[in-house]
Amino acid sequence: SAKCGACGPGYASPRDAMKGKQFLVPDKPVPAGPRETLLYLPCIYRNTGVQRPDYLATVDVDPASPQYCQVIHRLPMPNLHDELHHSGWNACSSCFGDATKSRNLLILPSLISSRIYVVDVGTDLRAPRLHKVVEPEELFRKGNVAHPHTSHCLGTGDILISCLGDPAGNGKGSFILLDGKTFEVKGNWEKGEKVPSLGYDFWYQPRHNVLLSTEWGVPKALRDGFNPADVEKGLYGRHINVWDWSTHTFIQAVDLGKGSIPLEIRFLHDPAAAQGFVGCALSGTVHRFYKTQKGDWAAEKVIEVPNKKVQGWLLPDMPGLITDILISLDDRFLFFSNWLHGDVRQYDISEPRRPRLVGQVFLGGSISKGGPVTVVEDKELQCQPEPFVIQGKKVPGGPQMLQLSLDGKRLYVTSSLYSGWDKQFYPDLLREGSVMLQIDVDTERGGLKVNQNFLVDFGKEPDGPVLAHEMRYPGGDCTSDIWL
């Protein structure tokens, strides 16, 4: 964009965000923007046996700082067993140009308690403080929804949050709308009688008059673990749900196949692009979704991670379990994590219909050598990977949540999925705590390499080992900013 005289939060375009500049002067070379120095991430005690509240951790990620790789602040929530999960902002690049808006409040939905915490990070970036608590009864009473998951700010200044179900724990793909100033619950975003039976993540793109949402599972089925029989019973998702952005009505379901469980969904960052990708956990596939010439939406499978035949595990076939995906701000690379197999992958998506694997690292997982699982047939690997050890620590669990630096050169990874499933699949995580790692990314040819100097060990927290989840930077990132 040209010079902005009254810029609001975020950046004018994804390119500007990569450079860390709120405005660009035409025809001038643009220097690289400042690198991230702080990360916020929720830390969860539910299911660990530690009777302490979840908290928001502030981590110093500035290599020049004497507190590098340390938790420098902890903001405990006022309640137990919330299961803080994915966070969002009160304002982001969708509000760019509105000088009355500021990205100074973090929205923290609680997956189990259904509370929503509003955290002030603007007063002191290094020491966030609690601003407001939206009690679950407000969601129940005004929207008949519960189990809030993904939060996105809107260009209007309001906050849109997707939910997994209703107050009784049944599946229901509804949305709740919060006032962006008072954080009062306004009610449901959706209109009309048609509502999908399941909900999870979402992304919106007003230029194409669309919001797309995904489906995890029925809250009371997934609350305490995963039962494969529940997939057969239809208690887990298989659709991308298409909503008309202007009328807020549900208009189409794109079927990705039985047992697929589509989780994180990402449009390309270019607001003119009518396509993106969704990661399907159980089927181990990534689908490209796109707008057709007819004006409706469709999807095609473009990546498939083969199951591995194993012994000593829950099932004879182990899926990769794709649990998080993200796209670099220049729309060139797609990254995703296989929580069970233990690898993080980087694909070149310059041709979105033909992603090309250009980077891969193993960071733990369930198939490491010397563990309880033996791989008897593998379509990808010649042998089981070595256990992942960094700074003398054998890392429990597998790679899960991802966050990419704005310039695309550093990929941050945490290892906790959700405490009920961590307890089932990686009990060592509950005893030892999760970790945060950093991977160096080759942004020219592609390639991933673990930074051996970076480790945040959440097993050493003052109140005992904790499960750290999704990461945010104070200035926005690849998964929270939407351009209009």
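The values are calculated or read from the model by the stated rules, or taken from the named source; none is laboratory data. Everything quoted here is computed from the prediction, not taken from an experiment. For neighbour counting, all protein chains shown are included, and Cβ atoms are generated from backbone atoms with ideal geometry for every residue, glycine included. Each accessible area value is taken on the protein alone, full model and side chains, heavy atoms only, with ligands, DNA and RNA left out. Shrake-Rupley method; radii C 1.70, N 1.55, O 1.52, S 1.80 Å.
In table form, for the structure just shown:
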| quantity | calculated |
| --- | --- |
| Strands (runs of 3 or more DSSP E) (entirely within region 88-184) containing at least 3 residues that are open to solvent by less than 20 Å² (accessible area, probe 1.4 Å) and touching a strand residue (DSSP E or B) at 6+ places or on another chain (Cβ under 8 Å) | 105-109, 116-120, 146-153, 159-165, 175-178 |
| Members of region 442-482 that are crowded, with 23+ Cβ neighbours inside 10 Å and either in contact with a Cys (Cβ under 7 Å, 6 or more places away or on another chain) or of a type in the set (A, V, I, L, M, F, W, C) (or both) | V456, F458, V466, L467, A468, M471, C478, S480, D481 |
| Residues (of a type outside the set (V, I, T), closer than 17 Å to F425 by Cβ and touching a Lys or Arg at 6+ places or on another chain (Cβ under 8 Å)) located in region 225-264 | G225 |
| Total residues in region 342-367, condition among the hydroxyl-bearing types (S, T, Y), surrounded by 15 or more Cβ atoms within 10 Å (Cβ to Cβ) and under 19 Å from L404 (Cα atoms) | 1 |
| Pair list, Cβ < 9 Å and 6+ apart or interchain, from region 299-312 residues that are open to solvent by 70 Å² or more (accessible area, probe 1.4 Å) to residues that are at pLDDT 95 or above and among the hydroxyl-bearing types (S, T, Y) | K301/S283; K301/T285; E304/S283; E304/T285; Q311/T374 |
| Subset of region 65-78 (residues that are open to solvent by 40 Å² or more (accessible area, probe 1.4 Å) and assigned to a loop (DSSP other than H, G, I, E, B)) | P66, Q67, Y68, P78 |
| Region 438-464 residues that are under 30 Å from P76 (Cβ atoms), paired with ones that are of a type in the set (K, R) and assigned to a loop (DSSP other than H, G, I, E, B) (beta carbon under 9 Å, 6 or more apart) | D463/R52; G464/R52 |
| Unique residue being open to solvent by less than 10 Å² (accessible area, probe 1.4 Å), aromatic (F, W, Y) and within 21 Å of K194 (Cβ to Cβ) when the list is F289, F250 | F289 |
| Any hit, region 273-285, residues being modelled with pLDDT of 95 or more, under 22 Å from E215 (Cβ atoms) and of a type in the set (F, W, Y) | yes |
| Filter pass, F202 being in contact (Cβ under 8 Å) with a residue 24 or more places away in the chain, of a type outside the set (A, V, I, L, M), within 23 Å of L268 (Cβ to Cβ) and open to solvent by less than 20 Å² (accessible area, probe 1.4 Å) | yes |
| Selection status of D477, under 28 Å from P219 (Cβ atoms), modelled with pLDDT under 95 and either more than 19 Å from the chain's Cα centre (by Cα) or of a type in the set (D, E, K, R) (or both) | yes |
| Top-ranked residue of region 289-322 - restricted to ones that are within 19 Å of L268 (Cα to Cα) and in a loop (DSSP other than H, G, I, E, B), ranked as farthest from the chain's Cα centre (by Cα) | Q293 |
| Strands (runs of 3 or more DSSP E) contained entirely in region 186-257, each with at least 3 residues that are at pLDDT below 95 | none |
| Check on G370, at positive phi, free of Cβ contacts under 8 Å to residues at least 40 places away in the same chain and open to solvent by 40 Å² or more (accessible area, probe 1.4 Å) | yes |
